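Quick notes on the structure that follows.
Values in this text are rule-based calculations from the coordinates and carry no lab data. Since this is a predicted model, take the numbers as computed values, not measurements. Positions of Cβ are generated from backbone atoms using ideal geometry, with glycine treated the same way; all protein chains shown enter the neighbour counts.
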Amino acid sequence: MIAAIRMLAYGVSDDFVDEYLTIGVSTVIKSLKIFVKVVVSIFFEEYLRSPNNNDIARLLAVGQHRGFLGMLGSIDCMHWKWKNCPSKWKGQYIGHTRDPTIILEIVASYDLWIWHAFFELSRSHNDIKVLGWSSVFSELAEGHASSVNYSINGNDYSMGYYLADGIYLA
């Protein structure tokens with residue numbers, strides 16, 4: 001398990017862990033897979049899921065109390081510099097900066113519950129391209145959004161929304 005934690009915490013490769021801990025690469029990869037499966041099995045039901053109807057009702061009530069009728073949460077992308085990006089991959093992960101980055105799209109609620117996380121694919125160097133691959137918006141486009149009903153200034157709406165910065169399309 002130490003090998004898996006080192007890979008995740010420090011962003012090092014399986015070869016590095018092999019040399020540092022003298023564990024075979026196949027064992028390192030197997031340990032990482034087991035570690036991730038255990039984390040998912042323990043935390044999936046409570047923390048690694050989409051909001052259910054009760055969660056949505058709670059999010060809408062809090063949004064209404066704060067003056068944001070229909071708001072389900074906030075969405076944004078975060079760019080992390082990928083310090084240990086393999087040289088042969090760098091061109092696929094460089095966007096508007098000179099350094100390779102990994103882009104993480106997050107939807108979070110007021111209580112910091114992160115109920116959607118999506119890591120970008122290579123060659124998706126900006127937030128708009130990540131948005132194009134995001135399951136949050138593909139579900140909305142396919143009509144799989146939860147039924148939400150509210151009215152603002154006499155206009156009725158049946159779909160919730162997310163607060164976002166100026167990069168996202170309205």
*Going by alpha carbons, how many degrees (0 to 90, nearest 10) lie between the helix axis of 53-65 and the longest principal axis of the chain?*
60 degrees
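Sorting check: for 69-78, 45-54, 25-34, which peptide has the highest mean count of neighbouring beta carbons within 10 Å, and how do the rest follow? The partial results should precede the final answer.
Numbers: 69-78: 18.5, 45-54: 11.4, 25-34: 15.1.
Order by mean packing, descending: 69-78, 25-34, 45-54.
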*asked:* Just to confirm my numbers, what's the Cα centroid distance between region 43-83 and region 7-30 in Å?
replied: 34 Å
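When the expected Rg is taken as 2.2 N^0.38 Å, what fraction or multiple of it is the alpha-carbon Rg of the chain?
On the way: Rg = 19.6 Å, N = 170, 2.2 N^0.38 = 15.5 Å.
After normalising by residue count via 2.2 N^0.38 Å, the value is 1.27.
Which order, highest average first, do 140-148, 4-12 follow once you tally other Cβ atoms within 10 Å for each residue and take the mean per peptide?
The densest-packed peptide leads the list: 4-12, 140-148.
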*Cα lying deepest toward the dipole's positive end in the chain, options Val38, Ser74, Met1, charges on Cβ*: Met1
